[in-house]
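The values are calculated or read from the model by the stated rules, or taken from the named source; none is laboratory data. Bear in mind that the values here come from a model prediction, so they are computed numbers and not experimental data. Positions of Cβ are generated from backbone atoms using ideal geometry, with glycine treated the same way; all protein chains shown enter the neighbour counts. These accessible areas exclude ligands, DNA and RNA; they are computed on the full protein's heavy atoms, side chains included. Shrake-Rupley method; radii C 1.70, N 1.55, O 1.52, S 1.80 Å.
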Amino acid sequence: MPTDNFIESSFWNFDALFQPQQHPARDQHDTFFLRDPAEALQLPMGYVQRVKRTHSQGGYGSQGYKYTWKLDEARKNLLRTHTTSASARVLYRLAQKKPFTPAKYFSIDRVFRNETLDATHLAEFHQIEGVVADHGLTLGHLMGILREFFTKLGEQVGRGGQWWCGSGQACWSPALSSKPLLACPPPLPAGITQLRFKPAYNPYTEPSMEVFSYHPAHHQTQNLYQQCPETHMHWPCLPYPTPAGLKKWVEVGNSGVFRPEMLLPMGLPENVSVIAWGLSLERPTMIKYGINNIRELVGHKVNLQMVYDSPLCRLDAKPRPPPT
């Protein structure tokens with residue numbers, strides 16, 4: 001789904017998600033508000049009125065929040081705090097298409113929050129967002145998707161794009177060699193499998209779940225690369241655990257089933273369910289590669305040599321068998 005608007009109105013970032021205007025997340029100590037331009041001028045006013053009525057008076061089976069909803073507050077511009085604002089936009093556009101057609105959306109992009117920087121928090125980070133709209137979706141479907149997603153993290157490393165790895169250590173690339181190489185990038189172990197789901201509260205989902213994963217012992221990064229003898233490329237080596245590390249459960253995402261108070265004002269049918277999940281990109285990376293300080297993923301501590309030495313991986317190319 002399109003996520004190219006880092007600047008968002010409070011309406012799409014909060015109000016369309018059935019988040020009340022007095023919610024603490026809308027305070028300046030949690031959100032970066034803009035001075036220029038301070039307000040969004042174009043909003044779908046018919047939809048805005050339905051959202052206002054749902055907040056202030058209730059409707060669609062809800063009592064609402066019973067407060068005076070203000071358009072000026074909804075117009076305030078900010079740096080988006082989550083890509084769920086983009087999800088609200090695409091679901092609104094989906095609701096305008098008749099008849100309803102099931103849809104799936106996915107994105108990875110930057111979000112911004114007025115956070116205090118520490119070992120597990122950044123003020124600017126990446127969010128992975130997934131949304132599925134269809135008939136009969138349940139919390140069980142959502143939990144299954146999340147387990148499958150995290151389990152597959154890292155499974156295909158060293159086996160995609162232009163490279164084809166056969167049995168043993170043989171490796172072949174049609175772009176660099178006409179015969180198998182002597183060394184092959186070793187596959188990483190299976191993805192993140194230690195997950196916990198904790199009941200949570202979100203204004204726009206019910207039921208809601210926080211997703212936690214266990215941060216194991218730190219993986220040392222010495223001998224991170226080994227040189228391929230024929231092409232002189234450097235391959236990432238398999239990391240080995242050491243006693244150091246966070247050794248605790250870390251929140252990696254949030255999820256839930258979108259509330260009717262969010263979906264029905266858009267115009268979606270009553271029998272349509274929408275499941276959604278938002279995952280941090282940086283925290284699963286920390287867990288996967290044993291990094292115990294999120295600040296090592298950005299800024300002056302990033303290992304640029306890793307970028308220079310790593311082989312290019314093309315996600316749009318299908319692996320080919322080696323020549324016979």
The extension gain from residue 196 to residue 308, computed as 0.36 nm times the residue separation minus the Cα-Cα distance, is 36.7 nm
Total formal charge among the other residues, if their Cβ is under 12 angstrom from that of residue 55, Lys/Arg +1 and Asp/Glu -1: +2
I want the local charge near residue 212. Using Cβ-Cβ distances under 11 Å, sum +1 for each Lys or Arg and -1 for each Asp or Glu among the other residues. +2
For residue 77, what is the net charge nearby, where nearby means another residue's Cβ is under 11 Å from its Cβ and Lys, Arg count +1, Asp, Glu -1? +1
Can you send over the solvent-accessible area of residue 69, 1.4 Å probe, protein chains only, in Å² to the nearest 10? 20
Quick check: with the 1.4 Å probe, what order do 298, 274, 257 take by accessible area, largest first? 298, 257, 274
Hey, can you rank 55-61, 21-27 by average C-beta count inside 10 Å, highest first? 55-61, 21-27
Hey, how many Å between the Cα centroid of the stretch 87-112 and the Cα centroid of the stretch 1-54? 17
